[in-house]
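K.L.:
Pasting a structure here, questions to come.
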């Protein structure tokens, strides 16, 4: 029904490269390359910047891809016919997470949502903040869960608030910093640091720890947002990591690690569910946001609830 070149265009935007797009939609790379080039000539502007690392949307290209993606989604819903209207929650809900270390926050919301709406199918992906914004804007994900600061600079995204995330620093048991009384943030400049992101709110604060002591931060900081890797590095070195306080309460975590709770480099982080401002949220997206917000409130309540008397 629609120009097939739109499929090629949206696939490249969502996959990040012409090769990956061709594989995703089952055509040759030359067909995708030619289709996109033809469409760009017709439009009179470049949709993508071609780089060695893949295809990046231009400013005009981003707006065009957003409209094209919406057209394609609307066409699919229209062609699905009555089957799609019998259950408004049926179909694939594409959820993004950034940083990836927050994936554990989706366990309860997704399980609860599936129990209420068994026809939902989840597609969960994680990426850097910058990449996640691109995926949101071109429709590759329906909603993203992350730190509010990461999305606040994008006026075309709507942010639904989620109760704040409290984080602290952690090290392995036996770490030298634990014998320094009291250890200060300046003392940490002699150790490596594993940061979930180089973006806000972590990047600038962690860099300042080193720069204030005249230490080249690039020689000290790992940027890793996959928490199992963070755990392994911290467990086997003198590196310092960042962990959510609610996650750190588990017995398995406390068995292997110690918290530096007296050092508070980060304020509690406002979180959000981000989605495209100009698109009406599907019922499944609205239900997902409500589930994330309810779970975050429950975790906050448990954390601040006074202990029961014996």
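K.L.:
Taking springs between alpha-carbon atoms closer than 10 angstrom, which of 43, 263, 93 fluctuates most in the Gaussian network model of the chain?
P.N.:
Taking springs between Cα atoms under 10 Å, the residue moving most is 43.
K.L.:
As a test of the formula, what do you get for the chain when each DSSP H run with n ≥ 4 contributes -39,500 (n - 2.57) and the sum is divided by the residue count, at 222 nm and rounded to the nearest 500 deg cm²/dmol?
P.N.:
Helices in the chain give a 222 nm mean residue ellipticity of -13000 deg cm²/dmol.
K.L.:
So, one more: Rg(Cα) of the stretch 167-259 divided by 2.2 N^0.38 Å?
P.N.:
In units of the globular-protein estimate, the stretch 167-259 measures up at 1.02.
K.L.:
Also: If R0 is 22 Å, what FRET efficiency do you get for residue 223 and residue 131 from their C-beta distance, rounded to 0.05?
P.N.:
The formula returns an efficiency of 0.95 here.
K.L.:
Rounded to whole Å and sorted largest first, list the principal axis extents of the Cα atoms in the chain.
P.N.:
If we take the Cα atoms of the chain, the spans are 70, 50, 31 Å.
K.L.:
Ok, one more. Out of the DSSP beta bridges found with both residues in the chain, what percent are antiparallel (nearest 5)? Display every interim value, and only then the final one.
P.N.:
Values: 22 of 37 bridges.
That works out to approximately 60 percent antiparallel.
K.L.:
So if each residue of separation counts as 0.36 nm, and I subtract the Cα-Cα distance between residue 178 and residue 286, what length gain in nm does that give?
P.N.:
34.4 nm
K.L.:
Which log10 I(q)/I(0) values does the stretch 1-86 give at q = 0.14, 0.21, 0.25 Å⁻¹ under the Debye formula, counting every alpha carbon as one identical point scatterer?
P.N.:
-0.48, -0.96, -1.26
K.L.:
Mean separation of Cα pairs under 8 Å and 6+ residues apart, divided by the residue count of the stretch 167-259: what relative contact order is that in percent?
P.N.:
Rounded, it is 47 percent for the stretch 167-259.
K.L.:
Could you give the nm distance between label points at residue 46 and residue 261, where each point is 7 Å from its Cα heading toward the beta carbon?
P.N.:
Output for this residue pair reads 5.3 nm.
K.L.:
Given a Förster distance of 45 angstrom, what is the FRET efficiency for residue 29 paired with residue 108, based on the Cβ-Cβ distance and rounded to 0.05?
P.N.:
Result of the calculation: an efficiency of 0.65.
K.L.:
Still on this model: Kindly put 30, 126 in sequence by how many other C-beta atoms sit within 10 Å of each C-beta, fewest to most.
P.N.:
Sorted ascending by nearby Cβ count, the order is 30, 126.
K.L.:
Take the chain, connect every pair of alpha-carbon atoms lying under 10 Å apart with a spring to form a Gaussian network, then pick out the residue of 174, 35, 146 with the largest mean-square fluctuation.
P.N.:
174
K.L.:
Which of the peptides 279-287, 176-184, 9-17 is most tightly packed, and how do the rest follow, judged by the mean count of other Cβ atoms within 10 Å per residue?
P.N.:
Ranking, from highest mean packing down: 9-17, 279-287, 176-184.
K.L.:
Name the most mobile residue of 69, 274, 219, meaning the one with the largest mean-square fluctuation, in a Gaussian network model of the chain with Cα contacts below 10 Å.
P.N.:
219
K.L.:
Hey, another quick one. Of 211, 103, 216, how do they rank once you tally other Cβ atoms within 10 Å and put the fewest first? If you can, show how the numbers build up before the last one.
P.N.:
Details: 211 13, 103 18, 216 9.
With the sparsest Cβ surroundings first, the list reads 216, 211, 103.
K.L.:
Extent of the stretch 5-157 along each principal axis, from alpha carbon coordinates, in Å, largest to smallest?
P.N.:
Extents along the principal axes, in whole Å: 48, 40, 28.
K.L.:
Give the relative contact order (percent, whole number) for the chain; include only Cα pairs under 8 Å separated by 6+ residues.
P.N.:
21 percent
K.L.:
Any chance you could run the full-extension gain for residue 254 through residue 37? It's 0.36 nm times the residue separation minus the Cα-Cα distance, nm to one decimal.
P.N.:
72.6 nm
K.L.:
Need one number for the stretch 239-299: average projected area of the convex hull over its C-alpha atoms, nm².
P.N.:
In nm², the orientation-averaged hull projection of the stretch 239-299 is 6.5.
K.L.:
Can you give the extra length, in nm with one decimal, that the chain gains between residue 156 and residue 60 once fully stretched, where that is 0.36 nm per residue apart less the Cα-Cα distance?
P.N.:
On the way: separation 96, 0.36 × 96 = 34.56 nm, distance 1.38 nm.
33.2 nm is the gain from fully extending residue 156 to residue 60.
Just so you know, all these numbers are worked out from the coordinates, no wet-lab data involved. Just so we're clear, the structure is a prediction, and the values are computed from it rather than from any experiment. We place every Cβ from the backbone using ideal geometry, glycine too, and count neighbours over all the protein chains shown.
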